[in-house]
């Protein structure tokens, strides 16, 4: 037999899963509804992703080596002084990154289908009967497409926060935030300011539970915000807040695109059911506090596929639910602490403007900067030595006390 796997969604999670499966000789079908999709996203990726996923230089629009954290009272703190030579945060456009990863998977043997998955027929849990995918094939160029079906042995849901695969497998719901972003093309002198600089703004005026950003891209800046308060009036008001705070730096800019997208706030209750599994946003792998998801999406897709290759003996047999759950165990062991720490940070520092002022003050400390950047760039919760850790704890408490942020 040859194992047949459908990967629904060709963002970083789906494409990285399809690449691993195709390399192993497994029959892989990669579904994507919109091949030119540009997901609204800050587009920041850590340094480790560039080497780990073998990304070429042209994928990176900007190498950010400086960041400004800007408090509710507009106190600016420069971050990046601890970066070593060659260290940076990569800024990319999702349509460029996603297109590269998708094309690479297809070149390695994944069968790319420009199609919309409408329904997934689920077999019994204790059988090896196939899953039947009902989809509209858009290869003829039409919006409605041609109705088709496909039978496969495994399904990987990499189809985002509104995952149809997750609904079909009854994976359970999660809370989600909304990211709203405007791409703004600036005059040359204004764009020069953001050459290798990104900005993060905090305050109730720009986000009641997250942050707002100005991130540089190839020929424009991405200006956006995120919030759990998902009604339109709220997100528009918050976007107006960031536009007002950054108004002088954005003078003369032209909006070239407006984007919005849901972002999961925590993992789904069930990420494996039968021979269906979820990766990326569909699984809920976006971090609190930082809102980062690109690296974790790509990593989850790769990790899931590697387990499938191993447990199927490179496609010689059909893995069971227990086999697929090995991926969940590996994932939680590797990244569970990271998600917990960032969840705590968001609860502590994003709950009021007083705590946000304390957070920005704390970011001025070089020990805090080094710990933060090392953790972000290399994707580990980097342990500081005990003396440094005590210093950071004392500075954190001091900042909170000075800002009266510990008051109930």
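The values are calculated or read from the model by the stated rules, or taken from the named source; none is laboratory data. Just so it is clear, the model here is predicted, and its values are computed rather than measured. Cβ coordinates were reconstructed from backbone atoms using ideal geometry, including for glycine residues, and neighbour counts include every protein chain displayed.
List the strands (runs of 3 or more DSSP E) inside region 16-83, counting only whole elements, that have at least 2 residues being in contact with a strand residue (DSSP E or B) (Cβ under 6 Å, 6 or more places away or on another chain), in the same structural domain as residue 216 (by TED's automatic domain parsing) and within 22 Å of residue 350 (Cβ to Cβ).
On the way: elements: 27-32, 62-64, 66-70, 76-79.
Strands (runs of 3 or more DSSP E) meeting the threshold: 66-70, 76-79.
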Discussion item. Given (1) surrounded by fewer than 18 Cβ atoms within 10 Å (Cβ to Cβ); (2) more than 19 Å from the chain's Cα centre (by Cα), identify the lone condition not met by residue 34.
Written reply: (2)
Response to the item:
The condition of being closer than 21 Å to residue 134 by Cβ and modelled with pLDDT of 95 or more holds, among 13, 22, 18, only for 18
Discussion item. Residues to consider are 305, 358; find the one that is touching a residue at least 40 places away in the same chain (Cβ under 8 Å), under 19 Å from residue 12 (Cβ atoms) and part of a helix (DSSP H, G or I).
Written reply: 305
Discussion item. Let me confirm something: among 311, 268, which residue is within 23 Å of residue 154 (Cβ to Cβ) and touching a strand residue (DSSP E or B) at 6+ places or on another chain (Cβ under 8 Å)?
Written reply: 268
Item to complete: May I ask you to verify whether residue 184 is in contact (Cβ under 8 Å) with a residue 12 or more places away in the chain and assigned to a strand (DSSP E or B)?
Response: yes
Worksheet item: Within region 79-99, which residues are under 16 Å from residue 50 (Cβ atoms), surrounded by 17 or more Cβ atoms within 10 Å (Cβ to Cβ) and more than 16 Å from the chain's Cα centre (by Cα)?
Response: 83, 88
Discussion item. Go through (1) modelled with pLDDT of 95 or more; (2) part of a helix (DSSP H, G or I); (3) surrounded by fewer than 16 Cβ atoms within 10 Å (Cβ to Cβ) for residue 313 and report which single condition fails.
Written reply: (2)
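Listed here are the residues, each with its yes/no results for (1) within 22 Å of residue 69 (Cα to Cα); (2) out of contact with any helix residue (DSSP H, G or I) (no Cβ under 6 Å at 6 or more places or on another chain); (3) at pLDDT 95 or above; (4) assigned by TED's automatic domain parsing to the domain that holds residue 160.
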site: 195; (1), (2), (3), (4): yes, yes, no, no
site: 211; (1), (2), (3), (4): yes, yes, no, no
site: 229; (1), (2), (3), (4): no, yes, no, no
site: 235; (1), (2), (3), (4): yes, yes, no, no
site: 241; (1), (2), (3), (4): yes, yes, yes, no
site: 257; (1), (2), (3), (4): no, yes, no, no
Worksheet item: Within region 53-65, how many residues are touching a residue at least 40 places away in the same chain (Cβ under 8 Å) and over 26 Å from residue 256 (Cβ atoms)?
Response: 1
Response to the item:
If we take region 112-174, then strands (runs of 3 or more DSSP E) inside it with 1 or more residues that are surrounded by 17 or more Cβ atoms within 10 Å (Cβ to Cβ), more than 27 Å from the chain's Cα centre (by Cα) and assigned by TED's automatic domain parsing to the domain that holds residue 282 are 131-137, 146-152
Practice prompt. Working carefully through the options 371, 377, find the one that is at pLDDT 80 or above, over 23 Å from residue 205 (Cβ atoms), part of a helix (DSSP H, G or I) and not assigned by TED's automatic domain parsing to the domain that holds residue 85.
Written response: 377
Discussion item. Which residue is farthest from the chain's Cα centre (by Cα), if the candidates are limited to region 182-200 and must be surrounded by fewer than 17 Cβ atoms within 10 Å (Cβ to Cβ) and closer than 28 Å to residue 349 by Cβ?
Written reply: 193
Practice prompt. Check off (1) within 19 Å of the chain's Cα centre (by Cα); (2) assigned by TED's automatic domain parsing to the domain that holds residue 214 for residue 298 and give me the number that stays unchecked.
Written response: (2)
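Test residue 394 against the criterion of being assigned to a loop (DSSP other than H, G, I, E, B) and at pLDDT below 85, and give yes or no. Quick ask: steps written out before the conclusion?
Values: assigned to a loop (DSSP other than H, G, I, E, B): no; at pLDDT below 85: yes.
No: the conditions fail for residue 394.
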